[in-house]
1. Set the bar at 25 Å for Cα to Cα. Now go through A:K99/A:K272; B:K216/B:K253; A:K99/A:K121; A:K253/B:K192; B:K98/B:K253 and name every pair that lies beyond it.
2. Have a look at region A:116-154 and report residues whose accessible surface goes down by 30 Å² or more when the remaining protein chains are included, against the chain on its own, probe 1.4 Å, ligands and DNA/RNA excluded.
3. On a 1.4 Å probe surface of the protein chains, which of B:K92, A:K99, B:K104, A:K184 comes out largest in accessible area, and what is the full order?
4. Need one number: nm distance between label points at B:A69 and A:S53, each 7 Å from Cα along Cα→Cβ, rounded to one decimal.
5. Would you mind calculating the gained length between A:N186 and A:K68 on full extension (0.36 nm times residue separation, minus the Cα-Cα distance), in nm to one decimal?
6. At 7 Å along the Cα-to-beta-carbon direction for both B:E55 and B:K26, put a label point, then send me their distance in nm to one decimal.
7. Just to check, using Stokes-Einstein with a Kirkwood Rh over alpha carbon pairs, what's the diffusion coefficient of region B:80-268 at 4 °C and 1.567 mPa s in µm²/s?
8. Got a number for the accessible area of A:K272? Probe 1.4 Å, square angstrom, nearest 10.
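The values are calculated or read from the model by the stated rules, or taken from the named source; none is laboratory data. All of these numbers come straight from a predicted model, not from anything done at the bench. Glycine also receives a Cβ, built like all others from the backbone with ideal geometry; neighbour counts cover every protein chain displayed. For accessibility, only protein heavy atoms count, side chains too; no ligands or nucleic acids. Shrake-Rupley method; radii C 1.70, N 1.55, O 1.52, S 1.80 Å.
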Amino acid sequence: MFESLSERFSSAFTTLRGKGRISESDLDAICEEIRVALLDGDVALAVVNGFISRIRERSIAALPEIRKSTNQWQEIHSIVNAELVEILGGPARRIRFAKNPPTVIMLAGLQGSGKTTLAGKLALFLKEQGNTPLLVAADLQRPNAVTQLTLLGESVGVKVHAPEPGNGTGDPVAVAKSGIEFAKSNFYNTVIVDTAGRLGVDEELMNQARDIKSAINPNETLFVVDAMIGQDAIRTAQAFEDGVGFDAVVLTKLDGDAKGGAALSIAESTKKAILFASSGEKLTDFDYFYPDRMASRILGLGDITTLAEQAKKAIDEGSAKRMEEKFIAGEDFTLEDFLEQLQAMRKMGSMSKLLEMLPGANSAAMRKQIDAVDDDELVRTQAIVQSMTPGERRDPKILNGSRRLRIAKGSGRTVTEVNKLVERFSAAQKMMKQMRNGGGFPGMPGAFPGGAPFGGAMRPVQRKKKAKKKRR
Amino acid sequence: MGLFGSFLTKFSRSRATPEDIDEFRKVLIESDIGTEFTEEIIKLVEREKSESLSESVSTHIRASLSNQARLITKTEGRLTTILVVGVNGTGKTTTVAKLANLLKGEGSKVMLAAADTFRAAAVEQLSTWGERIEIPVVVGKVNGDPASVAFDAATRAKNEGFDYLIIDTAGRLHTKNNLMEELSKVRRVVEKVTPIDEVLFVLDGTTGQNGITQAKSFADVVSITGIVVTKLDGSTKGGIALATERALKVPIKLVGTGEGVSDLSSFVPEPYIADLLTQP
Ligand SMILES: Nc1nc2c(ncn2[C@@H]2O[C@H](COP(=O)(O)OP(=O)(O)OP(=O)(O)O)[C@@H](O)[C@H]2O)c(=O)[nH]1
Ligand SMILES: Nc1nc2c(ncn2[C@@H]2O[C@H](COP(=O)(O)OP(=O)(O)OP(=O)(O)O)[C@@H](O)[C@H]2O)c(=O)[nH]1
Ligand SMILES: [Mg+2]
Ligand SMILES: [Mg+2]
């Protein structure tokens with residue numbers, strides 16, 4: 001069975017961790033593990049070879065130092081991580097805005113890589129940052145590409161410049177050009193130009209892309225690439241670089257389980273920064289690309305930084321503090337608190353997606369648990385709790401049969417579901433009490449409606465909080 | 001590209017050196033066939049000490065493939081229903097149009113169902129194809145239930161005596177349980193009306209090793225009966241399709257080689273393997 005890159009890496013390092021003193025042949029063994037892992041993770045062969053020889057060199061040079069360390073595997077791990085981060089683009093770069101607006105962003109890439117969807121996401125992202133974006137529909141090839149962009153524009157409330165209906169007629173160069181004119185005369189400060197998908201080997205279409213580019217002179221030409229792409233990534237990226245020329249890369253469909261080998265291949269072969277990460281079909285599934293996070297994801301350390309950030313965004317400081325004080329004071333965790341947490345979690349996005357970011361998310365055991373999480377259940381659970389009166393939420397013991405029936409009706413669920421929830425909640429409450437007595441921190445065990453015991457896995461994030469508190 | 005191309009001439013020398021073997025390994029890895037499959041072939045080839053390395057490699061690849069029929073099913077005397085599935089953007093909708101056109105050209109009466117009610121303009125995209133190739137398309141409400149569109153289409157196609165119904169579905173990542181469940185519901189609901197005879201998994205030819213994982217997940221949920229590899233008109237070798245066929249024992253049936261309606265052909269292993277082994 002195919003092992004993911006991060007699983008391979010984790011297992012390679014686990015073997016190393018058990019060793020007393022690392023020898024050169026240990027290094028060879030681990031380099032071989034990493035080599036296969038990278039290839040299985042779709043990193044281009046040429047890139048893998050270079051990467052491995054650098055890791056080996058660096059590690060051998062540092063061997064005396066490594067051996068002195070109390071944590072040898074950690075030392076090698078840091079070397080691998082540093083090398084990965086270096087290739088993936090060093091410090092994260094931001095979009096380059098034009099000195100004189102409009103800032104023009106052109107999207108290019110293979111068919112179906114996610115350009116049009118990205119155009120919508122980028123428009124929303126720019127708009128939320130206070131810009132006034134304009135979308136330009138310059139894919140006149142694919143059936144209803146113009147309609148697709150128009151609908152996306154509508155859904156994010158961004159104007160779409162679409163003078164041609166497309167479907168095989170009209171001149172994309174002229175559309176792109178008139179888009180820029182339109183933006184200038186109507187004071188849009190950013191322009192996003194969507195183009196048709198094309199193959200690196202299609203000379204005619206590559207020329208067309210180059211013509212569009214020279215007609216509009218973009219500030220950023222973004223090469224949009226599917227994170228699931230294999231060895232062809234390096235050839236295609238080179239073909240787009242030679243044929244059109246691009247400034248940065250966007251990786252899409254990162255919500256899948258492809259580990260991002262293409263990121264490494266493209267960053268290494270073209271030396272271009274990866275600017276954005278697209279991770280879902282919703283227009284909000286979009287963020288800057290963080291090389292360090294990607295490196296951690298590849299290494300199986302999980303995307304703790306993102307997770308912590310999202311948690312912070314969703315759970316406001318006040319309520320977290322209140323919860324903590326309550327806990328310390330020995331008060332009970334009520335269904336009211338539970339509801340608050342549920343709402344916060346829903347703000348953070350889908351549960352399964354959050355769990356993907358945890359360390360070891362790729363291990364078979366963790367995978368099974370993540371798969372068992374039903375995001376809709378969060379919604380159902382919330383509906384049940386919302387149908388309770390504040391009194392019931394504070395003291396679920398008063399929930400007799402008729403109250404339960406009323407709640408079931410109000411939330412559109414069955415009485416059995418209501419019963420189950422109450423049962424699970426009491427169990428969670430009990431667990432909280434035990435944790436308090438044992439000195440643990442109240443994570444969100446009660447908030448996992450799937451019943452999966454994620455409490456332990458969530459703890460690293462929570463612990464950090466506690467440590468900070470002590471220092472204060 | 002000529003059969004067996006430059007690569008084969010290079011390797012037709014009588015005895016293979018370790019360098020030759022390494023060169024092979026490189027070609028195989030770079031075709032996306034995967035490390036496991038590659039090493040398996042190399043091991044067999046080394047053991048064999050054959051006269052021609054190239055022939056030996058192609059023979060072993062061929063032997064690992066399926067011997068099942070690669071034709072699209074046709075059920076006599078009743079409606080044949082084809083469900084088209086896959087991850088996002090692989091070429092499902094385009095393949096549906098191409099296949100419909102092909103079947104129509106053979107004299108069959110074909111109907112399409114636009115069961116991607118999710119993606120912006122997906123219904124319009126299929127409808128446009130339907131107009132172009134003059135084939136009726138059953139559509140439902142935007143953001144409606146895909147299963148109910150498929151159900152309506154199946155009912156109509158059956159009652160109106162169509163030969164084929166091809167159902168286009170929304171792209172979905174195999175990791176999303178709720179979306180996979182939605183797909184299995186489409187299958188269940190259609191089968192209340194008529195059996196589903198063929199489930200085609202559309203694989204983007206540029207996909208890397210993730211392709212196998214994808215195919216396995218789709219096979220688990222809707223039991224796929226054939227693979228369609230698309231975008232082979234590009235620079236990709238598409239070795240993942242072979243690796244997927246080998247892993248799942250499900251035959252590659254069709255190959256997409258362009259955006260035009262006629263850019264679809266049936267899959268023939270030998271020239272495909274030869275091309276795969278041809279160095280760029
Ligand atoms: N899961 C997931 N799907 C995505 C993502 N980005 C795009 N998609 C989906 O991928 C498919 C193709 O996306 P498009 O935006 O149409 O791709 P495109 O590059 O514009 O395609 P062409 O114009 O045909 O070349 C659609 O089903 C999108 O919903 C992503 O980050 N995650
Ligand atoms: N070059 C080439 N492009 C193709 C091929 N098949 C499909 N495409 C293009 O790939 C893009 C995506 O194709 P679609 O048919 O919309 O893909 P899909 O799987 O239906 O996409 P979603 O429904 O969004 O998941 C379009 O631009 C198609 O024109 C092919 O064989 N070769
Ligand atoms: Mg597009
Ligand atoms: Mg489609």
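1. A:K253/B:K192
2. A:R142, A:P143, A:N144, A:Q148, A:L151
3. A:K99, A:K184, B:K104, B:K92
4. The two pseudo-label positions are separated by 5.3 nm.
5. Between A:N186 and A:K68, full extension yields an extra 36.0 nm.
6. The modelled label-to-label distance comes out at 2.6 nm.
7. 80 µm²/s
8. The accessible area comes out at roughly 40 Å².
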